[in-house]
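Trainee: A single structure is presented below for examination.
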Amino acid sequence: MQRMIDLSNNRAKYVAVHVAELYEAWRLGLISFTQELQTDSARSSRVLTKANHFFSEWGVESVEELISAMNE
């Protein structure tokens with residue numbers, strides 16, 4: 001894919017990314033973020049308030065289960 005991007009001269013517009021690497025970077029970032037929240041109660045409170053609004057249809061428990069599964 002990267003070769004096609006290079007040949008089409010669209011390097012400024014597109015980039016090839018390995019999905020597994022992208023997912024792993026996202027997963028590690030999320031773990032780091034949740035660990036940081038454990039040490040900053042004020043920020044944690046703000047994040048949980050926003051998460052309650054954003055994930056109101058899912059429920060916070062579902063999101064916490066997702067995060068826990070990613071930590072394994």
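Values quoted throughout were computed directly from the atomic coordinates according to the rules given, and no laboratory measurement underlies them. Not measured: the values here are computed from a predicted model. Here the Cβ is made from the backbone with ideal geometry for all residues, glycine too, and neighbour counts use every protein chain on show.
Trainee: Which residue pairs have Cβ atoms under 8 Å apart, sit 6 or more places apart or on different chains, and have a first residue in segment 30-41 that is without any contact (Cβ under 8 Å) to a residue 40 or more places away in the chain and a second that is part of a helix (DSSP H, G or I) and surrounded by 10 or more Cβ atoms within 10 Å (Cβ to Cβ)?
Mentor: Listed by first residue and then by second, the contacts come to THR34/ILE67; THR34/ASN71; GLU36/ARG43; LEU37/ARG43; LEU37/SER44; LEU37/VAL47; GLN38/SER44.
Trainee: Determine if segment 28-41 includes at least one residue that is within 21 Å of the chain's Cα centre (by Cα) and among the charged types (D, E, K, R).
Mentor: yes
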